[in-house]
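Take a look at the structure set out below.
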Amino acid sequence: MAVTRLAIFASGHGTNFEALQTAMMARKLDAEFVQLIVDHANIGAIALAEKFGIPYRVMSYKAFENRQAAEVSIVETLTAARVDGIILAGYMRLLTPTLLDAFPNKVINIHPALLPSFPGTHAIEDAFNYGVKITGVTVHYVDAGMDTGKIIAQAPVAVMADDTLASLETKIHDVEHQLYPDTLEWLLKEGVFN
């Protein structure tokens, strides 16, 4: 059986990237990250790519006429790397049909709330400020909307009376680091990227 070749996109520290890479190695999954795409230089995800020997590309969107032109360039990079699917791990940009149509139903994201509640970039803070008693984590397919793709998996996180925003963020990230590898393993077994 051929190894599934995945790209990972990140915009920050890369903690989900690290959790996924570690799980792929420990569980001996038939997948490997063959390309990292980042939209900022000097971020933790790049150091992780170097540590794991994964090629990376820093995408300067400002160097292109528009997002679509930038995504054409990304698709060229991914095609050259023979990528089968894309995993978003804290990538803070909306994707357009230019990229999504090149990988139909093969782009996955993780979101730190129970979608469809609290979409967007401040989901943990929004849920905390709203006063919910249960929040959580969602893994979903990516479409052109903001956190509107079909839900694949969810896990709840209880918000306790003594939780602070910081403690809730820690709890959410701990659940992300378990749910994302578990979901990726299931997606691979289901042949989603084939």
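Values quoted throughout were computed directly from the atomic coordinates according to the rules given, and no laboratory measurement underlies them. Predicted, not measured: the structure shown is a model, and the values here were computed from it. Cβ placement follows ideal geometry from the backbone for every residue including glycine, while neighbour counts extend to all protein chains displayed.
Any idea what the dipole of region 4-190 comes to, in debye rounded to 20, about its Cα centre with Lys/Arg Cβ at +1 and Asp/Glu Cβ at -1? Write out the running numbers ahead of the final one.
Working: 14 positive and 22 negative charges, 69 e Å.
Taking the Cα centre of region 4-190 as origin, the dipole is about 340 debye.
Ranking Ile37, His111, Gly90 by how far each Cα lies toward the positive end of the dipole of the chain (charges on Cβ) leaves Ile37 at the top. Label sites at Thr77 and Asp101, each approximated as a point 7 angstrom past Cα along Cα to Cβ, lie 2.2 nm apart.
For region 75-115, the spherically averaged projection of the C-alpha convex hull amounts to 3.3 nm².
Amide H contacts of Gly12: Ala45, each under 5 Å away and 5 or more positions distant or on a separate chain (H built 1.01 Å from N in the peptide plane; Pro and chain starts excluded).
Taken over the C-alpha atoms, region 4-190 has Rg and Dmax values of 16.2, 51 angstrom. Amide hydrogen proximity for His40: with H placed 1.01 Å from N in the peptide plane, the residues at 5 or more positions away or on another chain lying under 5 Å are Met59.
Which value at 222 nm does the chain reach when only helices count, each DSSP H run of 4 or more adding -39,500 (n - 2.57), with the total divided by all residues and rounded to the nearest 500 deg cm²/dmol? Intermediate results must be reported in sequence, preceding the final value.
Numbers: 6 runs with 73 residues, N = 194.
Helix contribution divided over all residues of the chain: -11500 deg cm²/dmol.
Here the Karplus curve 6.51 cos²θ - 1.76 cosθ + 1.60, taken at θ = phi - 60°, turns the phi angles of region 110-121 into couplings of 10, 9, x, 6, 8, 4, x, 6, 6, x, x, 7 Hz, with x standing for Gly and Pro.
Computed FRET efficiency, Cβ-Cβ of Glu169 and Val3, R0 35 Å: what is it to the nearest 0.05? Working shown, then result.
Working: r = 34 Å, r/R0 = 0.97.
It comes out at approximately 0.55.
Find the percent of Cα-Cα distances in region 46-156 that exceed 17 Å, and round it to a whole number.
Every Cα pair in region 46-156 considered, those over 17 Å come to 60 percent.
Listed by chain and number, the lysines whose C-alpha is less than 28 Å from the C-alpha of Lys28, apart from same-chain residues fewer than 8 away, are Lys51, Lys106, Lys150, Lys171, Lys189.
DSSP loop GluC sites (Glu not before Pro) in region 27-129 with at most 11 other Cβ atoms within 10 Å of their Cβ, which ones?
Values: sites: Glu32, Glu50, Glu65, Glu71, Glu76, Glu125; in loops: Glu65.
Passing sites in region 27-129 are Glu65.
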